[in-house]
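Visitor: Input: one structure, supplied below.
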Amino acid sequence: METIDWSNLSFGYMKTDYNVRSYFKDGAWSKPQETTSEEITMHMASTCLHYGQEAFEGLKAFRGKDGKIRIFRLKENALRLQDTSRGIMMEVLPLDIFEETVIKAVKLNERFIPPYGTGAALYIRPLLIGTGAQVGVKPANEYTFLVFVTPVGPYFKEGFKPTPVVILRGYDRAAPLGTGTFKVGGNYAASLVAGEVAHKKGYSAVLYLDAKEKKYIDECGPANFFGIKDNTYITPQSTSILPSITNKSLMQLAEDMGMKVERRQVPEEELATLEEAGQVGTAAVISPILRVDDLDENKSYIISKDGKAGPWSTKLYEKLRGIQLGDEPDTHGWNTVLD
Ligand code: PLP
Ligand code: COI
């Protein structure tokens, strides 16, 4: 068996032993079955290829100090995939099939779950695609659901160190009443050019403004946005951002810690008043924001004065990681513990 340098993993694909699949055909889902193949065979007129009937999820499994495997917020991810499926007229996958497929994929690839203390995790990527043939713009009548896993390190190479993000007014990720609230591939294709521009200029991500007024903060390319001031956790309310499960968890933890939580429109100017800010998501966990530059308007908002993560962000990060790893009590029942 190959040896894996667990502490130096990047956020990338590594081949594991199995992926698990279920197919929807003739009105029924098949029993999830494992395969060693990394390939998918499909009809050339599949709707996922032509009309973007494609959705994915992202969640993580962790190995605790007690040796147990914990999957974080399995059901929430299953529910969000259902919501996305309704949003782009894909067949809705039953919750029990989602859960069975994920658990099977994790157990079959147990040797790829990073050991406790390495900072790494097993990233779980469920994928649902329309594989039935259509030429007219119509939903498919056949679907493929598959789950693969891969061990990952931090999404941003800086990890928990604050990084700068950028507002690029010439790009939108999603329309106000479009598919921004769904986890569909098209949103990510729409963010690639702006993402590349940002990376070339030395930023970790694009911070998108609302597409209509260009006034309020929406979210980052691969993560939600939060800000902190006056013991208050503030996160944007918008019709074009993904409802992040990590953000939802942090709002609860912030409340548990006695902070006030506000979910509302956040005008760009408010950045000047924030004591802390961060990007939040499964891959990003919490990635503190150093500075926000609005290049077209020649404005810069310094968030972290000393270049370090702030006290609330640090507390929230440690609490979240503690729960995921089993070091802290899971008082909200967020983990699925495998035996
Ligand atoms: N926003 C976008 C656009 C994302 O791709 C992600 C990643 O999944 C998130 C937010 C964070 O969501 P979650 O915390 O559910 O992973
Ligand atoms: C996640 O955090 O799971 C994401 O989907 C972000 C990115 C890898 C697309």
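The values are calculated or read from the model by the stated rules, or taken from the named source; none is laboratory data. No experiment lies behind these values; they were computed from the predicted model shown. Virtual Cβ from ideal backbone geometry, glycine too; neighbours counted across all protein chains shown. Please note that ligands, DNA and RNA were not included when accessible areas were found on the heavy atoms of the full protein model with its side chains. Shrake-Rupley method; radii C 1.70, N 1.55, O 1.52, S 1.80 Å.
Visitor: Could you please let me know if LYS248 is within 14 Å of ligand 2 (Cβ to nearest atom), more than 20 Å from PHE156 (Cβ to Cβ) and either of a type in the set (D, E, K, R) or open to solvent by 10 Å² or more (accessible area, probe 1.4 Å) (or both)?
Guide: It is true that LYS248 is within 14 Å of ligand 2 (Cβ to nearest atom), more than 20 Å from PHE156 (Cβ to Cβ) and either of a type in the set (D, E, K, R) or open to solvent by 10 Å² or more (accessible area, probe 1.4 Å) (or both).
Visitor: Being open to solvent by 20 Å² or more (accessible area, probe 1.4 Å) and more than 16 Å from ligand 1 (Cβ to nearest atom), is that true of even one residue in region 275-288?
Guide: yes
Visitor: Right, next: Collect the residues in region 54-95 that are within 15 Å of ligand 1 (Cβ to nearest atom), closer than 22 Å to ILE129 by Cβ and either open to solvent by less than 10 Å² (accessible area, probe 1.4 Å) or in a loop (DSSP other than H, G, I, E, B) (or both), keeping them in residue-number order.
Guide: Hits for region 54-95 are ALA55, GLU57, GLY58, LEU59, LEU74, ASN77, ALA78, LEU81, THR84.
Visitor: Next question. When you look at TYR171, is it surrounded by fewer than 23 Cβ atoms within 10 Å (Cβ to Cβ), among the aromatic types (Phe, Trp, Tyr) and assigned to a loop (DSSP other than H, G, I, E, B), yes or no?
Guide: yes
Visitor: Quick one: is LYS157 touching a residue at least 12 places away in the same chain (Cβ under 8 Å), out of contact with any Phe, Trp or Tyr (no Cβ under 8 Å at 6 or more places or on another chain), outside the structural domain of LEU316 (by TED's automatic domain parsing) and charged (D, E, K, R)?
Guide: yes
Residue-wise test of (1) free of Cβ contacts under 8 Å to residues at least 24 places away in the same chain; (2) surrounded by 13 or more Cβ atoms within 10 Å (Cβ to Cβ); (3) part of a strand (DSSP E or B).
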{"residue": "ILE4", "(1), (2), (3)": "no, yes, no"}
{"residue": "GLY12", "(1), (2), (3)": "no, no, no"}
{"residue": "VAL20", "(1), (2), (3)": "no, yes, yes"}
{"residue": "TYR23", "(1), (2), (3)": "no, yes, yes"}
{"residue": "GLY52", "(1), (2), (3)": "no, yes, no"}
